[in-house]
1. When you look at Phe158, is it crowded, with 19+ Cβ neighbours inside 10 Å, part of a helix (DSSP H, G or I) and assigned by TED's automatic domain parsing to the domain that holds Gly91, yes or no?
2. Could you look through segment 216-245, keep only residues that are free of Cβ contacts under 8 Å to residues at least 40 places away in the same chain and of a type in the set (A, V, I, L, M, F, W, C), and pick out the one that is farthest from Thr82 (Cα to Cα)?
3. If I filter segment 164-204 down to residues being of a type in the set (D, E, K, R) and within 11 Å of the ligand (Cβ to nearest atom), which single residue comes out as modelled with the highest pLDDT?
4. I'm trying to understand the selection: among the residues of segment 205-246, which are modelled with pLDDT of 95 or more, among the acidic types (Asp, Glu) and within 15 Å of the ligand (Cβ to nearest atom)?
5. Please give the number of the condition Leu105 fails out of (1) within 16 Å of the ligand (Cβ to nearest atom); (2) touching a residue at least 24 places away in the same chain (Cβ under 8 Å).
6. Across segment 141-155, which residue is nearest to the ligand (Cβ to nearest atom) among those that are surrounded by 20 or more Cβ atoms within 10 Å (Cβ to Cβ) and of a type in the set (A, V, I, L, M, F, W, C)?
7. Mind listing just one residue for me: the one in segment 262-276 that is under 12 Å from the mean Cα position of the chain (by Cα) and surrounded by fewer than 10 Cβ atoms within 10 Å (Cβ to Cβ) and, of those, farthest from Ile239 (Cα to Cα)?
8. Which fully enclosed helices (runs of 4 or more DSSP H) of segment 165-261 have 3 or more residues being buried (at least 18 other Cβ atoms within 10 Å of the Cβ)?
Amino acid sequence: MNRRQKAILRRNLFLGFIALVLVALIGIIVFVVSAINRKTTEKPQNKDTSSLQSENSSDTSSKEEPEEPKTVQLGEYTLDATYNKLLLVNGENPLPDDYDYEGNLTEIPKEYIKGSLTQIDKDVWVYLKAMLDNARKEGIDIGVWSPYRSYNTQKMLFEKQVNKQIQNGVPKEQAEDKAATIVARPGTSEHHTGLALDINCANSSFEKTKAYEWLKQNAENYGFVMRYSEEKQPITGVIHESWHWRFVGINTAKKMNQLNMCLEEYLEYISKTSKH
Ligand SMILES: [Zn+2]
C-alpha cells in the first residue's frame, strides 16, 4: 500500500465514521421526537376513550329512560307532545320594533275571557283551550286575563307608567328606568309573542287561589310553565309572577320542571347538549 492508497483508506474510514455518527444522531432524534409525541397525545387519547365511554353509558341510560311521548290524551283532547315554541323575549332579548305576531293570532272565545285583551297564538290556543276546559270540568274558576299585547299596547302601558312616575316626582331622566321595573319596555314583553298569558288577574292574590294550585300541578301536561318564579328572579330579571304562564310545549315543559330550569337556563342547556 503506497502513501496515496493509505490516505484514501484513511479518508474512507473517516467518512464511514461520520456516516455512522449521523445515522446514530438521526436515530436518537427520531426516538426523542416520537417519545414527546406519545406523551402529548396520551392525554387527549385518554379523553377520547373516556368521552366515548360516557357517550356509550349515556346512550344506554337514555335507552332505559322512558321515551318522550309523541302525543298525549287529556280528557277528550289529543295533543302533540313534541310541538314546542322556545322563542326567548326578555330585557336583553327584545323583539324588533316592527315585530308582529298578528298573522298567527287567533281570537279567544268570549267565555274564556276575564279581561279586555283577547288574542293568542293560534297554535298555542289548542293547548290553552284543552287546559282551561279540563280545569273547569274539575270545578276550577279559570280564564284569560291578559294574553297577546301588541307593540302599541306595550308602548301605551309603558308611557302611562312613565307619566305616573313623573307625576309622583321622579326626575324625567330617571322616570323610564323606574317605570321599567314595573312594566316591560315596549318590545321586551313576553306577551308580545302571543305565547304567554296572565291567568285570572295580574296580582299576587292569584297565589292564594285554587286555580294557581291546579296550574302548578297540571300546566306542564298542557305545555305551560310558570315563567317567573322567585327563585329564578336573578336570571329572568322579573319579580315572581304566579299569574304569568308561558307555552313552551308539553315534553319541553315537563323537562324544564324536572331540571328546575327557567327558559333562559333551559335554552343554554340545550345549546350545550346539542353541541355534543
Ligand atoms: Zn304577564
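The values are calculated or read from the model by the stated rules, or taken from the named source; none is laboratory data. This one's a predicted model, so the numbers in the text were calculated from it and none came from an experiment. Virtual Cβ from ideal backbone geometry, glycine too; neighbours counted across all protein chains shown.
1. Here the answer is no, as Phe158 does not meet what is asked.
2. Filtering segment 216-245 for residues that are free of Cβ contacts under 8 Å to residues at least 40 places away in the same chain and of a type in the set (A, V, I, L, M, F, W, C), the one farthest from Thr82 (Cα to Cα) comes out as Ile239.
3. Among residues in segment 164-204 that are of a type in the set (D, E, K, R) and within 11 Å of the ligand (Cβ to nearest atom), the one modelled with the highest pLDDT is Asp198.
4. Residue satisfying the conditions is Glu207 alone.
5. With respect to (1) within 16 Å of the ligand (Cβ to nearest atom); (2) touching a residue at least 24 places away in the same chain (Cβ under 8 Å), Leu105 is out only on (1).
6. Going through the qualifying residues, I end up with Val144.
7. To start, the set of residues in segment 262-276 that are under 12 Å from the mean Cα position of the chain (by Cα) comprises 262-274.
Those left that are additionally surrounded by fewer than 10 Cβ atoms within 10 Å (Cβ to Cβ): 271-274.
Working: Ser271: 26, Lys272: 27, Thr273: 29, Ser274: 30 Å.
Of everything passing the filter in segment 262-276, Ser274 is farthest from Ile239 (Cα to Cα).
8. 210-218, 250-259
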